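First up is the structure itself, then whatever we jot down about it.
The values are calculated or read from the model by the stated rules, or taken from the named source; none is laboratory data. Note that this is a predicted model, so its numbers are computed, not measured. Using ideal geometry, Cβ is built from the backbone for each residue, glycine included, and neighbour counts are taken over all protein chains shown. Keep in mind that these areas ignore ligands, DNA and RNA; they rest on the heavy atoms of the full protein, side chains included. Shrake-Rupley method; radii C 1.70, N 1.55, O 1.52, S 1.80 Å.
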Amino acid sequence: MGLLDDLKKQADLIKTQQIQQQHLQADRLRLVEDKMKQTFQYVNELLKQLEILKPTSPLMYSIPGVANFVGLAVADSFIDYRRKRINDKEYFDTIHFFIKWASGNTVVIDRDDAAGAQRARESLWISRVKFTEEEKKSNKGFVIGAKFTIPVAVVTDVTVLADHDKGQLLFDAKNLFGLGAEQLVVPAPVVNNDVLEDLAHTLIGQPNNFSKYRAVVGVAR
């Protein structure tokens, strides 16, 4: 076999590998697209029912050193999606939805010393709940504390990102299992009605296995 024949064989092998890779990528695109569409349709219908039923979450949302929110019911919800163009075709890029939980009450927290006020302020910032603050001042005008007024409301906010390259759905979630941020990675092949039902149980605070998809920090993306 001459040099030209050897080079031709190598080129043919590379072409075959490229074609196989293109087929695999096309399969991942179709699969992720199908699962994103299924997820959107399921959550969209779920939110419609929650808006009517307005269930109360059994979860306790704890703001360390400040307050615990309990007995919150569905007050509002929203869902939308964005698409992007890949190879001259539109595909799901992200799904964004939220559920607002509220009781209609407010909590008022008084801190009569500057250090205590700062601790409460930092805890509220970290928890990302809405609040208003009124400074307490001494007769000489020095700030000596603060009063915090906090609406008893929490927003469960979720963005689902289509990871076409790896064939998976990435969930960036806030206040899904309680106050705090989470990242979850769900392989596209496992997304089915059972998994989406497990997500629904998670959203309304019922026992679930959805937490098993929690990502290890720094590895999800």
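Of all residues in segment 120-143, which are of a type in the set (Lys, Arg) and more than 29 Å from Thr156 (Cβ to Cβ)? Even if it seems obvious, please write down each step before you answer.
Just the residues of segment 120-143 that are of a type in the set (Lys, Arg), to begin with: 121, 128, 130, 136-137, 140.
Result: Lys136, Lys137, Lys140.
Filter segment 134-143 for residues that are surrounded by fewer than 16 Cβ atoms within 10 Å (Cβ to Cβ) and part of a strand (DSSP E or B); which is nearest to the chain's Cα centre (by Cα)?
Among residues in segment 134-143 that are surrounded by fewer than 16 Cβ atoms within 10 Å (Cβ to Cβ) and part of a strand (DSSP E or B), the one nearest to the chain's Cα centre (by Cα) is Glu134.
Restricting attention to segment 57-83, which residues are in contact with a Lys or Arg (Cβ under 6 Å, 6 or more places away or on another chain) and of a type in the set (A, V, I, L, M, F, W, C)?
Ala73, Val74, Ala75, listed by residue number.
So that you can scan it fast, the table gives a plain yes or no per residue for (1) part of a strand (DSSP E or B); (2) touching a strand residue (DSSP E or B) at 6+ places or on another chain (Cβ under 9 Å); (3) under 13 Å from Tyr61 (Cβ atoms); (4) not hydroxyl-bearing (Ser, Thr, Tyr):
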site	(1), (2), (3), (4)
Val152	yes, yes, yes, yes
Thr156	yes, yes, yes, no
Phe171	yes, yes, no, yes
Ala200	no, no, no, yes
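In the set Asp165, Asp194, which member is without any contact (Cβ under 8 Å) to a residue 40 or more places away in the chain, within 23 Å of Arg30 (Cα to Cα) and open to solvent by 70 Å² or more (accessible area, probe 1.4 Å)?
After ruling out the rest, the residue left standing is Asp194.
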